[in-house]
Amino acid sequence: MDKLYGFLPLKRAYTSNIINTETKLTLNRILCALGLTVCVLFSFGSLSAQAQKLGDIRGFVYNDKTGEPVIFTTVFLQGTSYGGLTDVNGFFSFGKIPAGNYKLTVIGIGFDTLSESVTLVPGANLTRKLTVKERSTQLQAVEIQGTRSRAARENTVNASLTQVTPREIKMMPSIGGEPDIAQYLQTIPGIVSTGDQGGQIYIRGGTPVQNLVLLDGMVVYNPFHSIGLFSVFDTEIIRNADIYTGGFGAEYGGRASAVMDVRTIDGNKNRISGKVGANTFTGRLLLDGPIWKSKTDEGTGAGFVFSARSSFLDKSSKVFYPYAKGISGNGLPFSFTDLYGKTTLHAAGGSKASLFGFSFNDKARLGELNNFNWNSWGIGSNFLVLLDGTSALISGNFSYSSYDIGISETASLPRSSTIDGFNGQLDFTYNFDKDELKYGLGVVSNNSIFQGVTPTKIIASYGPKYNSEVFTFARYKWVTGNFIFEPGIRMQYYSALSVARIEPRLGIKYKATDRLRFKTAMGRYSQNLFSTASDRDVVNLFSGYITSPDAVYKSPKEKASSNLQTSYHLITGVEFDLNDEIEFSVEPYLKYFDRFVNINREKKFQDDPDFIQETSLAKGIDFQVKYEGQNLFLQLSYSLSKITRTYNDTVYAPIFDRRHNMNVLAGYHFGKDKKWEFDLRYNLGSGFPFTQTVAFYENQSLPGGADADYTHENGNLGIYYGNTAQFNRGRLPYYHRLDLSLKRNFELSKNAKLEVSAGVTNAYNRDNVFYVNRVTLDIVRQLPIMPSLGATLAF
C-alpha cells in the first residue's frame, strides 16, 4: 500500500520526531480529502461547462513592431466584469458570455490602448488576433503598472511564484557589462548562492539537484556556469521565466523543491533584427527575423532566433584584473560558450510549432594538472494549437537533452558523470468564465553513468542506470466570491523503483479587500534523481547525476522504505498594496524532506553503501517591498530561515544555511528623454556554517605493508575535524557586496540603438571569504572589485 499510495505512509515511521504520529495521520487524511475534492471539482467543472449555451471569446495579443506575443497584459470587455491577463503565449480566453455586441479592449505597459467591436452569438467560440502598437510617447508607468500588477495578484494564487521578464533582469547592475537571470535570481527572497565562483543556487532549503529547470519544456540539467554571475540563458532570448520557490502546481513534478520554467522568444516576424555586444567579460550575438512573412494577419509564416555568447574572462582577467585570484590562485580561469537556435512556424488563428536546440559548455582550469569541464546539448520541439469549434487550448513538447561533466585532479583519480534522455508532455486547457481546467500526461526517461572516487578515496562506478517516469496531472482553478481555489493532483510512476505516487496539490487565495490578500499553497512532491556531490562540501564544481541508486544506507526505521526522495511543502502569505506604486508581501514557509539521499562521505570499504538517507527541515519567512514609479524602481527583500539535516541521531546545518539574507535592488532613469540609467544591488548575508579543525596529526598509511618500519617512515599531514556533535558548528564571517552600473542609450536611427554601460562588481572591494585551506591556512576569497565596460548595438 505504501508503494502505491505515496501520500499514505501509514505503515512506516518517520526517521525524525519533528512531526508526531497524530499530526502525520491528520495530514494524510487531509491529503486524501484533497484528492477526492479535486476529482469532484473536475467533474463539476466539466459538466457545468457542457451545460452552458453561452459564448466564449479567446485569442492572442501581439506586438505590432516585432510580432512577439504581448504577455501579462489586460484584456477585457468594456462595461462588463469579463476580462483577464494574457499568458506567456499572449493568449486570453473568457467563457460563459451572453450573446451581444461588445468592445474588446487591450491595455498594456508601453502600448497604445486598443479597442475592437465584436459580436458574440449564442454558443459561439469567437477567436481574435489582436495587434497593439508601441506607444511613441511614454506615459507614466504607474498608470498601467497598477492595472497589470494588481490584476495579476488578484486573479492568481501565485504563492511562492516570481515571474521574471527581461525588463526585471535589466534592472540589475550590468555585471561585466551584461545583466543575467543568474544575478536576478539571487535577489528573490528564499534563494541564496554559496559563492561568486564555483557556488551553487539553493532555493528554500532545496539543493540544486532538487530544482526542475525547463527551457521551452526541455529538461536542462545544469543552468549555471562556474562563474556564479551567469546562467546558460542569454537575457535577450528570454520571454518569461516562472520561478517557483515551493508549493508549485500539479503540472510540474519529478523534483522535490523548486521549479525554474524559462520560455524563449519566437523572433521578429517583420524584419531581420539583432544585437551585438562586447564587454570585459563576454561577447555575444543575437539574430532574429522572418524566414518568410505572412501575407495576411491570418496567414502562415515562419521565423528564427539565433543566439551566441562566449566568455573570455580567463584571458581578459589577466589584462583587466591581474590582481584577481580564482580558485586556482592564478587569475580567473573560467570560460564558457552558449549557443541557442529556434525556428517557429506560425499558423492561422495563433497556432504555432517550434523546433529548437542548444549547446552549452563550461571550463575551469584549477591548476596545472587540475581541469574541470561540462558540456550540455539538446534538441526539442513544442507546439500550441487552438482548434475551431472548441474552447480547448492544446500544447505539448518533446525533446532530448544530454549532460556530461568531468574533473581531473592531481590528488585523486578523474571523475566523470553523464546523463541523457528525453521528455515529452501533452496538455489541454479549458476556460470557463473565470475558472480554468488544465490536465495532461507525459513521460521522462533518462540514463545515467558515474565513474569516480568517494571522498574517502574508494573507487566508485555506477550505471548505466535507466529510469522512466510516466505521469498524468489535473489542475482546476475555481473562482467563487473573494476566494480562488486551485486544487490539483499528480499521479506519477517511477519504473526503476516500481513505485507509483499520488501527489495532491492545493493553492488558495482570499481577497479580504481591494488591497489585502491572503494565500496558501501546499503539496506532496517526489524525485528519483540524485547528485554525485555531497552538499557538505563548500566547493562543488563537480556535480553529476545518478538515478535510482541501490546502495543506500537506511536507519532501522527506514529499512522498508524505497529510495525515492519525497517532501511536503506548506507556504502561506499576505499581499498588501499600499497604493498603485508600492506592494508588500510576506511568505512564511515550511519544507519537510522526509526522504533525502546524500553521498556517504564516511564510506571506508568497497562494500559500504555509497549513499545515506537523511531527513531535512527548512523553515523561514520572506519579506519583500517593491516600489515602481515613473523613473524609479526599488525592491527590498529580507529572508530569515533555518535549515537542519538529520542522519540517525546527528542533527546539523548544511553548508547553505544562511540565517539572514537581505537584498536591495534599485534602478533610476534620468536625463533628457530618460536615456541615462543608474542601477544598484546590495547583498548582506550571514555566514555559512563549516566544521572547525580540532587538531593535526601524522597520517601514517604504511605503504610498505606489515613489514614497514613506522619509526622511520614519514606519514602525511592528517586533519582531525570536529566530531558529529561539532559538525558545521562554526560560522564564516558575514558576506556583503555592492554592485553598481551606469548606462547611456543613443538612438542612431529608427531601428538602430547603442547602449554603453560601465559597472563595478564588489564596489568597495569587500574581502568575502569563500573557504580556508586547512593545510596552508590560505583564505580563498570571493570575487574582488571588478570594474567593467561594455557596449551593445541593437539593429
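The values are calculated or read from the model by the stated rules, or taken from the named source; none is laboratory data. Remember, predicted model here, so these are calculated numbers, not experimental data. Counting neighbours? That spans all protein chains shown, and the Cβs are built from the backbone with ideal geometry, glycine included. Note: accessible area is taken over every heavy atom of the protein model, side chains too, but ligands, DNA and RNA are not part of it. Shrake-Rupley method; radii C 1.70, N 1.55, O 1.52, S 1.80 Å.
Below, the figures for the structure above:
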{"quantity": "Filtered residues of the stretch 486-500 (kept if within 16 Å of ASN528 (Cβ to Cβ) and open to solvent by less than 10 Å² (accessible area, probe 1.4 Å))", "calculated": "ARG490, GLN492, TYR494, VAL499"}
{"quantity": "Any hit, the stretch 588-611, residues being among the aliphatic types (A, V, I, L, M) and under 16 Å from THR162 (Cα atoms)", "calculated": "no"}
{"quantity": "Subset of the stretch 710-742 that is of a type in the set (D, E, K, R) and under 30 Å from THR646 (Cα atoms) - its residue that is modelled with the highest pLDDT", "calculated": "ARG731"}
{"quantity": "Only listed residue being touching a residue at least 40 places away in the same chain (Cβ under 8 Å), open to solvent by 10 Å² or more (accessible area, probe 1.4 Å) and under 22 Å from GLY667 (Cα atoms), chosen from GLN200, GLN186", "calculated": "GLN186"}
{"quantity": "Positions within the stretch 463-484 being open to solvent by 40 Å² or more (accessible area, probe 1.4 Å), under 19 Å from LEU437 (Cα atoms) and touching a residue at least 60 places away in the same chain (Cβ under 8 Å), in sequence order", "calculated": "TRP478"}
{"quantity": "Matching entry among LYS642, LYS591 (being at pLDDT 95 or above, open to solvent by less than 30 Å² (accessible area, probe 1.4 Å), of a type outside the set (Asp, Glu) and on the phi < 0 side of the Ramachandran plot)", "calculated": "LYS591"}
{"quantity": "Every residue from the stretch 435-470 that is of a type outside the set (S, T, N, Q) and part of a loop (DSSP other than H, G, I, E, B)", "calculated": "PRO455, LYS457, ILE458"}
{"quantity": "Out of ILE227, ILE238, ILE243, sole residue that is buried (at least 22 other Cβ atoms within 10 Å of the Cβ), touching a residue at least 60 places away in the same chain (Cβ under 8 Å), closer than 24 Å to THR280 by Cβ and hydrophobic (A, V, I, L, M, F, W, C)", "calculated": "ILE227"}
{"quantity": "Filter result for the condition that a residue is modelled with pLDDT under 90, crowded, with 18+ Cβ neighbours inside 10 Å and of a type in the set (Gly, Ala, Ser), over SER585, SER562", "calculated": "SER562"}
{"quantity": "Pairs where the first residue, in the stretch 156-169, is assigned to a helix (DSSP H, G or I) and the second is open to solvent by 30 Å² or more (accessible area, probe 1.4 Å) and of a type in the set (A, V, I, L, M, F, W, C), C-beta under 9 Å, 6+ apart", "calculated": "ARG167/ILE109"}
{"quantity": "Residue match in the stretch 513-525 (condition: in contact with a Gly (Cβ under 8 Å, 6 or more places away or on another chain) and among the acidic types (Asp, Glu))", "calculated": "no"}
{"quantity": "One residue from GLY67, GLY95, GLY59, GLY84 being modelled with pLDDT of 50 or more and over 29 Å from the mean Cα position of the chain (by Cα)", "calculated": "GLY95"}
{"quantity": "Selection count, the stretch 406-455, where residues are closer than 30 Å to GLY389 by Cα, of a type in the set (A, V, I, L, M, F, W, C) and at pLDDT 85 or above", "calculated": "5"}
{"quantity": "Long-range neighbours under 9 Å by Cβ, at least six apart or interchain, first residue free of Cβ contacts under 8 Å to residues at least 60 places away in the same chain and charged (D, E, K, R) within the stretch 420-432, second surrounded by fewer than 20 Cβ atoms within 10 Å (Cβ to Cβ) and in a strand (DSSP E or B)", "calculated": "ASP420/TYR400; ASP420/SER402; ASP420/ASP404; ASP420/ASN447"}
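Each row is one residue, and each column tells you yes or no for (1) in contact with a Leu (Cβ under 9 Å, 6 or more places away or on another chain); (2) open to solvent by 40 Å² or more (accessible area, probe 1.4 Å); (3) of a type outside the set (D, E, K, R).
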{"position": "ILE379", "(1), (2), (3)": "yes, yes, yes"}
{"position": "LEU386", "(1), (2), (3)": "yes, no, yes"}
{"position": "GLY389", "(1), (2), (3)": "no, yes, yes"}
{"position": "ILE394", "(1), (2), (3)": "yes, no, yes"}
{"position": "GLU409", "(1), (2), (3)": "yes, yes, no"}
